[in-house]
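Student: This is the structure I want to talk about, given as structure tokens.
The values are calculated or read from the model by the stated rules, or taken from the named source; none is laboratory data. A quick note: this is a predicted structure, and the numbers were derived from the prediction, not measured. Cβ placement follows ideal geometry from the backbone for every residue including glycine, while neighbour counts extend to all protein chains displayed. Each accessible area value is taken on the protein alone, full model and side chains, heavy atoms only, with ligands, DNA and RNA left out. Shrake-Rupley method; radii C 1.70, N 1.55, O 1.52, S 1.80 Å.
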Amino acid sequence: MIVLVRPQLGENIGKAARAMLNFGLTEMRLVAPRDGWPNPAAGPAAAGADVVLERASVHETLADAVADCAHVYATTVRKRGVTKPVVTPERAAAEMASATGRSAIVFGPERSGLETDDVALARAILTVPINPAFGSLNLAQAVILCAYEWSKTQGDASELVQPTEEEELPPAPQAELEGMIAQLEGMLGPRGYFLPETRAAATRRTLRSMLTKPGWNHLEVRTMRGVLSSLAKPPRD
């Protein structure tokens, strides 16, 4: 779960909810939100992640919010005088995936982050390797980093989809490739491309290898054949 401690702006709560739902997290707990809860500014910022906001629970203290959690990670870029194990989001996600009991990742107020007493309540400090000359993530950015790493540990159970994989077309059948290659060879032959004859076979093999290497799909083959057909026509005035 994600715990936001003393969040200041409803917009940032909404953006954090949006970040969570993108990676399958739906349980948010709020500790003493500055402007109360519910907050009308959170909904528009959530951009449709209403299920996270509707389920969000409010607690007076961080101790109350994580009372049922066996594993609590405090996100901070500073150790703040507290001696705790320090882990990356990737390491924390792996630990949570193999752990028994509930886990929570805790984020502090936008302006100042978690206080020392908040960090002291956690089992470990979670921090992101970041540019030492500029360490300034906003709340939603920090949440999305942790949510993404968590989602990677869930495998098929996360039900997440890689959009580009769905958009890719399957490779074209060999017969379509052969048609394209034959069309190109038919255009090149009369222009002497395969001369001298002693090199013709090697040239054809190289051409075939080049044209079959990219893994053309049906649409790409059809487009290329359209290009070749256009090139074969007499130039327009």
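Student: Please find, within region 97-112, the residue that is surrounded by the fewest Cβ atoms within 10 Å (Cβ to Cβ) out of those that are under 15 Å from Val3 (Cα atoms) and modelled with pLDDT of 90 or more.
Tutor: Arg102
Student: Further, regarding this structure: Determine whether region 2-10 contains at least one residue that is in contact with a strand residue (DSSP E or B) (Cβ under 6 Å, 6 or more places away or on another chain), under 20 Å from Ala97 (Cβ atoms) and β-branched (Val, Ile, Thr).
Tutor: Yes, some residue in region 2-10 is in contact with a strand residue (DSSP E or B) (Cβ under 6 Å, 6 or more places away or on another chain), under 20 Å from Ala97 (Cβ atoms) and β-branched (Val, Ile, Thr).
Student: Moving to a separate point now. Just name the residue that is most open to solvent (accessible area, probe 1.4 Å) out of those in region 175-200 that are closer than 17 Å to His218 by Cβ and among the acidic types (Asp, Glu).
Tutor: Glu178
Student: Give the residue that is least open to solvent (accessible area, probe 1.4 Å), with candidates limited to residues of region 116-158 that are without any contact (Cβ under 8 Å) to a residue 60 or more places away in the chain and touching a Leu at 6+ places or on another chain (Cβ under 7 Å).
Tutor: Val128
Student: Would you be able to tell me the number of residues in region 103-134 that are more than 21 Å from the chain's Cα centre (by Cα), outside any loop (DSSP other than H, G, I, E, B) and aliphatic (A, V, I, L, M)?
Tutor: 4
Student: List every residue pair whose Cβ atoms lie under 6 Å apart, where the two residues are 6 or more positions apart in sequence or sit on different chains, the first residue falls within region 1-21 and is among the polar types (S, T, N, Q), and the second residue, located anywhere, is outside any helix (DSSP H, G or I).
Tutor: Listed by first residue and then by second, the contacts come to Gln8/Arg34; Gln8/Pro109; Gln8/Glu110; Asn12/Glu110.
Student: Please return the ranges of strands (runs of 3 or more DSSP E) entirely within region 1-91 where 1 or more residues are surrounded by fewer than 19 Cβ atoms within 10 Å (Cβ to Cβ).
Tutor: In region 1-91, the matching strands (runs of 3 or more DSSP E) lie at 57-59, 69-75.
Student: A further question on this structure: Could you pull out the residue among Ala70, Ala45, Ala99, Ala94 that is under 21 Å from the mean Cα position of the chain (by Cα) and farther than 20 Å from Leu139 by Cβ?
Tutor: Ala94
Residues are listed down the side, and each one gets a yes or a no for (1) among the hydroxyl-bearing types (Ser, Thr, Tyr); (2) at pLDDT below 95:
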position	(1), (2)
Val58	no, no
Leu62	no, no
Thr75	yes, yes
Gly81	no, yes
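Student: Only one of Thr223, Thr203 is more than 30 Å from Phe23 (Cα to Cα), open to solvent by less than 50 Å² (accessible area, probe 1.4 Å) and free of Cβ contacts under 8 Å to residues at least 12 places away in the same chain. Can you tell me which?
Tutor: Thr203
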